[in-house]
Amino acid sequence: MSEITMGGEAPDFTLKDGEGAAWRLADQRGRAVVLLFYPGDNTPVCTRQLCSVRDHWSEYQATGAEVIGISTDTVESHKDFAEKNQLPLRLLSDPDRKVSALYDMKSWLPGRSARGVVVIDRAGKIAYHKAQPISLFKPSDAEVLDAIHKAESG
């Protein structure tokens, strides 16, 4: 497992999205990337979190950042969850929790990722990292957007 440090290189990974297509972090260089880790599809707090991102989508898009959701759920679960809730962001499946471990998103829930946010700047460096092992509260969209703006300006 790598150690996450502010300003350090973001560990590269490739995961599949809800359509089964591979998505690789290294392919995103030149733009900020937001990794929204969450415990699971169709759970109350996670649904509120991702629907809030949907409801603020124009603000996220205005940053120019690539915004991604990551949980341990299956590709099929992500596809259904995104369609059911009309989610505009790509959801990536991390079934073996390798990426969650890379980014220090350890949950107290067995087999799940912690809720957390990682913002990676255009150069591929960690600009913001916040993990919530006890995932009872969703991150504030204002806080995430502020972290994106700081990564873009800084």
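The values are calculated or read from the model by the stated rules, or taken from the named source; none is laboratory data. If you're wondering where the values come from, they're calculated on a predicted model, not measured in any experiment. Please note: Cβ atoms are built from the backbone with ideal geometry, for glycine as well, and neighbour counts cover all protein chains shown.
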Do we find that Pro88 is outside any helix (DSSP H, G or I), modelled with pLDDT of 95 or more and surrounded by fewer than 17 Cβ atoms within 10 Å (Cβ to Cβ) in this structure? yes
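Is it the case that segment 49-63 has a residue that's closer than 17 Å to Ser113 by Cα and either in contact with a Cys (Cβ under 8 Å, 6 or more places away or on another chain) or in a helix (DSSP H, G or I) (or both)? Talk me through it step by step, then tell me what you get.
Within segment 49-63, the first condition is being closer than 17 Å to Ser113 by Cα, and the residues that meet it are 49-50.
So of that shortlist, the ones also either in contact with a Cys (Cβ under 8 Å, 6 or more places away or on another chain) or in a helix (DSSP H, G or I) (or both) come out as 49-50.
Looking through segment 49-63, at least one residue is closer than 17 Å to Ser113 by Cα and either in contact with a Cys (Cβ under 8 Å, 6 or more places away or on another chain) or in a helix (DSSP H, G or I) (or both).
What about Thr74, is it out of contact with any helix residue (DSSP H, G or I) (no Cβ under 9 Å at 6 or more places or on another chain), under 23 Å from Pro11 (Cα atoms), of a type in the set (Ser, Thr, Tyr) and without any contact (Cβ under 8 Å) to a residue 24 or more places away in the chain? First the steps, then the outcome.
On the way: out of contact with any helix residue (DSSP H, G or I) (no Cβ under 9 Å at 6 or more places or on another chain): yes; under 23 Å from Pro11 (Cα atoms): yes; of a type in the set (Ser, Thr, Tyr): yes; without any contact (Cβ under 8 Å) to a residue 24 or more places away in the chain: yes.
When the stated conditions are applied, Thr74 passes them.
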For Lys138: the one exception among (1) within 18 Å of Thr43 (Cα to Cα); (2) buried (at least 18 other Cβ atoms within 10 Å of the Cβ); (3) at pLDDT below 95; (4) in contact with a Phe, Trp or Tyr (Cβ under 8 Å, 6 or more places away or on another chain): (4)
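Identify all residues within segment 1-48 that are assigned to a strand (DSSP E or B) and of a type outside the set (Asp, Glu); write none if there are none.
First, the residues of segment 1-48 that are assigned to a strand (DSSP E or B): 9, 14-17, 22-24, 33-37.
Of everything in segment 1-48, those that are assigned to a strand (DSSP E or B) and of a type outside the set (Asp, Glu) turn out to be Thr14, Leu15, Lys16, Ala22, Trp23, Arg24, Val33, Val34, Leu35, Leu36, Phe37.
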Looking at (1) in contact (Cβ under 8 Å) with a residue 60 or more places away in the chain; (2) on the phi > 0 side of the Ramachandran plot; (3) not aromatic (Phe, Trp, Tyr), can you tell me which one Val99 breaks? (2)
